[in-house]
Each structure stands twice: as C-alpha cells, then as structure tokens.
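Since every read-out is calculated from the coordinates, none of them should be taken as a lab result. No experiment lies behind these values; they were computed from the predicted model shown. Note that we place each Cβ from the backbone using ideal geometry, even for glycine, and neighbour counts take in every protein chain shown.
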Amino acid sequence: MEKRLIPLFNRVLVEKIVPPSKINADILLREKSSKLNSGKVVDVGPGIHGKDGKLLHVAVKEGDTVLFPEYGGTEVKLDHKEYYLYRDDNILGKLHD
Amino acid sequence: MEKRLIPLFNRVLVEKIVPPSKINADILLREKSSKLNSGKVVDVGPGIHGKDGKLLHVAVKEGDTVLFPEYGGTEVKLDHKEYYLYRDDNILGKLHD
Amino acid sequence: MEKRLIPLFNRVLVEKIVPPSKINADILLREKSSKLNSGKVVDVGPGIHGKDGKLLHVAVKEGDTVLFPEYGGTEVKLDHKEYYLYRDDNILGKLHD
Amino acid sequence: MEKRLIPLFNRVLVEKIVPPSKINADILLREKSSKLNSGKVVDVGPGIHGKDGKLLHVAVKEGDTVLFPEYGGTEVKLDHKEYYLYRDDNILGKLHD
Amino acid sequence: MEKRLIPLFNRVLVEKIVPPSKINADILLREKSSKLNSGKVVDVGPGIHGKDGKLLHVAVKEGDTVLFPEYGGTEVKLDHKEYYLYRDDNILGKLHD
Amino acid sequence: MEKRLIPLFNRVLVEKIVPPSKINADILLREKSSKLNSGKVVDVGPGIHGKDGKLLHVAVKEGDTVLFPEYGGTEVKLDHKEYYLYRDDNILGKLHD
Amino acid sequence: MEKRLIPLFNRVLVEKIVPPSKINADILLREKSSKLNSGKVVDVGPGIHGKDGKLLHVAVKEGDTVLFPEYGGTEVKLDHKEYYLYRDDNILGKLHD
C-alpha cells in the first residue's frame, strides 16, 4: 500500500526531476550561486489565512513543474521515492515548455 | 488514574510512532538532513486567533497520523509514555496509507 | 495581611507544585531536554487585545493545573511562597487526572 | 516649583518603594534570577493605538502599587527624587495587601 | 535668511536646553545609566498612519519641553544652532514646572 | 522548444542588459558601493495580497527596462540565456530614455 | 538623449547639493556623528500601500530640498550626474530658507 503525505498549511510536496546533465545545465544555475532544482508538484496543502483572515490557496497545483532553490525545503522519503516539502512562497516559478 | 494533558492555543500533543527500522527508512529522511518523525495525534488545543480576530482551529485532529521534524517540539512524559508538543504550523503533513 | 499580586495583560501567576520525585519523573521530562514544571494557577491578568482590537481573555483560569517550561517565566516570592509569572501563550497545557 | 514629568504613549512613571530589608526579601526575588522592584505609580501616559486604531489606555493608574523588573526601565531624577519610566506592558502586576 | 527644517513623518525637531549644572543634576540621570536630555520642541512632522490607516498626529507640539534619551536621535546643526531629530515614540515625556 | 519560467507571487524575471562599458559607466555605480544592473522585464508573477487582503499587482510589466541591485536576486539560466528573479520591491526603478 | 530613472514604491531620487564648505558647516553635522546631506528631489515613486490597503503617496515632491543621512541610500550615476535613491521614511525633513 502506497504511503501518501498531504502537506499542511501552504506547504507543497514536490518530486524532484533529475534531468540528464545536458538539460540540467539549462535550468540549473551557474556554479557561482546556489543550485536550483526543478520538480513535479505531487500534492499541496489547503493554504494559509491572509491578513484579512480569508484563506489564500496555494499558488501551484498538482502536476505543475516548478523551479525551487536548493535550500529552504525539507527532504522526505516515501516508499523509496525522494520528495521535498516547500512553503509555496519559497517556490520561484512554474516551468513551461 | 491516567494523567491527561490538554494542549493550549494551537499546540498538538503527538505520540511518537517508533516504526521498525525498515519502514523507518521509508519515512525518515536521508542522513544528510535532520530526522523526521511520524506519530499519532492524541489531543489538540482550541486554536489561535487569526489576523482578523476569528478563531483558527488546529489543522489536525485526534487520531491523525502526522509527520513532524526532529526539532521545534517539547518532549513530555505522561504515565511513562513519551509525547511531543508541537505548534500546528510546525507539523509538516498528514500521512495516509 | 497577605500580599496579593494581580498579573497584568496576559500574564498568569502560578504556584509551582513540587511533586514527590516519583511522580516528578512522570511529568518532568527526560534529562536530554529542558525540565517541565507543573503548578496551580493562582491569578490571571485581564488578557490582551487581539489583532482586531477585541480583548482576548487569558486561556487558563484560577485553580487550573498547568504544565509550563523551565524558562520564560519570572520568579516572584510573596509571603515566603514561590510563584511564577508566565505569559499565557508560554503555558503548554492543562493537566487533568 | 516642583518639576513634573508627564509620560508619553504607554509609559508609566513609578516611584520606587525601598522597603526595609525584611519585606524586601518578601517581594524581591531569589538571588538566582534578576531582582524585582515594587513602586507607586506617579503618572501615566495617554496610551497607544491598538491594531484596530483605537486608543488603548494604560493598564495601571496613579496610586497603584506595582511590581516591575530590574531591567527595561529608564531611571529619571526629578527634584532629587528617583523615578522609573516603564512601558506598561513591562510592568508585571499590581500589588495589593 | 534663517534655515528651517520641517521634520517628516513622526519626527520631532528639538533644541537642547543646556541647563546650568545644578538643575542639570535634577533632570539628568544618575551616572550609572545613560544621560537624559531636556529640550524645547521647535517643529514636528505630520505624523504617521496607524494600523487602521488613519493619520496619527505627533504626540508633542511646538513649544513643549520634553525629556529625551541620549541615544536614538540625529544631531542637526542649522544656522550654528544644535538640534536633535527624534521619532516621537522615542521621546519619554513632557516636562512641566 | 523554448523553456518559459512564470514567476510566482511578486517575483519579476529580468534579462540582464550587458551594456558596452562606456554606457555601463553611466548607469553603474561608482566603485565604492555595490554594482547596479539594468535589464529588460521578461515576465512577472500575479502579485501578492496586501494587508487588507486585496491582490497587489507587480509594480513593473513585461518590456520595462529596470534598474536592480547586484544582490538580492536569484540567477536562472534558461535555454542558455541568463535571467534574474527579483521580488518587485527590490527593483529600484524604471529606466526611460 | 537623457536617461531618466523613475523610482518604484516609496523611493525618492535625490540629486545631492554639494554646498560650499561654509554652508556645508551649517547643515552638516558635527564630526562626532555621521554626516548629513542635503539635496533636491528629482523624482518620486507612486508610494506604498498602508496597513489598510490604501495607497500612501510619497511624503516629498519634485523640487523639494531635503535632508538625508549619509547611510541607507543607493548611489546611482545617470548621464554623469550623481543621484541617491532613498525610501521616503529615511528622509529626515524638508529644508526651507
């Protein structure tokens, strides 16, 4: 039976895409600064309450390909697969081909 | 007579699940980063007031299995059982089989 | 004439319960982390104004038995008795038998 | 002509009560932690605006006997008398016999 | 032609009163803690917007004699006269004879 | 197929304009302080919710030429082109000829 | 063609007035503390949204002569002229003759 992790608040569960090195050079960043990673959104939390008390939904959805920094996330291994948990405001953007 | 601790504000009382090492490798995290723990929610506080003054109930409920980081909680021993107190926004997510 | 201290804002005056060592091992925490104390609420302040300006009453009341951390409080001696002043959001929870 | 200092915002002007050493041991704190002082409120500021914009009056009034920590205040000498200026949320509580 | 500085936001322009040393001992503080100064308010800014968006006027007005701490202000020399610029919430109180 | 990065929240994707050194001396800053860069806005995020809960759109739009500091951004390489991701409140201003 | 920089948010573009040393001694500050500068406002940003969500316009306008501290600004050279970018709440006041 597969284990599923449903993130809380505005967290996002992302499965890292480990691209072949060539494309890797495309997205990843120049050595000088920290590495960037791309990954597929697996699950999202319900969101958090904004300053006016209303619920702010998470800014990405399941299936989106996103760009996220090397630091600021929590690594989680579920059923031998490696995931990352990020707060949605630490995710940099959505990648489209 | 069993002792019961009812958490205050948005705290959550969690009883740690100490899985056999094999599953442990499944949820716990790779050595490089800090350990993650899973546990069963025993009791939750009433919640805290949001920025609009309304009461925000705790994001998990009694019986949920949750994933929480190694740090940021308070260990409490009640009747020889080990529990952890976490603020709900430090709990990473809910685990489902 | 007994001296009485009425706490201000969301402070709580707690009289420490110094349990016999056996029970002490029950509530107090394992050596690794900081000690937890339990005590009886003697008096509470009027509360503080929330983000919407409304008064938020203190989360515990006179007579409650509460669990509080070793640090974060102010020790006060009144008529040879030892008390602790805590802000209510630093009190971890209410203990029930 | 006596000099008078009217505090601004939520500040409170307190004249320290220097109790004879015996009572002093009653209120003052055990050596381990910092000293507590008691004093008489001489004057209070108009208060500060809360998060909803409404004016929050100071929590104590002239004539109250209050308990305040050793640190966090400003010492002021007026006409050879020693006073302390505290923000009202740093004053711990009101003392009653 | 005299130069005039109109403070911005909740700043207050104060001209320091350099009292003869005797009175000085009256207002200024005991050596142990930092010095306090007194001065005449020369000009005040329009104020700042509170948390509800409404304009909060400065808490003192031209001509008031005020007490201010040694630190936290900006010294300004205009036409050979020495002034201090303080945010109004750093000014301790108004002095009256 | 070109890769496209759509920024999240109030982030702005900027393509650095590497001016010939002469103009470079025009915009860039004197050695003493940190370098300033100019670039063309390629894409902008949806904005962030203000303190009243309303959505605040990003302050610049695609095609604007902007001035941004050397630090505070994230470098991203997409299809061999070098971009920078900045939060819009870190972008200093819009450049017009 | 002259280059123009339109500041963003509550930033203000100021052209430094380098007064002859005599006047300089008038405005600039005594050596003990940091230097103050005066300058002419060249351009201002649209402002920022206050805590109630309403737009707060910048506190100074083009043509004003202002006093600003040595630190806290960003130096920008445009067409061989030296300017400074400051957030308007770091500008100390308006100078009038």
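Here F:K35, C:K94, A:K77 are placed in order of increasing Cβ neighbour count within 10 Å, fewest first, which gives F:K35, A:K77, C:K94.
Each of B:V12, A:V60 was scored by other Cβ atoms within 10 Å of its Cβ. Arranged with the fewest first, they read A:V60, B:V12. For the rotational copy pair C/B, the chain C residue whose Cβ lies nearest the symmetry axis, together with its distance in Å, is C:K51, 6.
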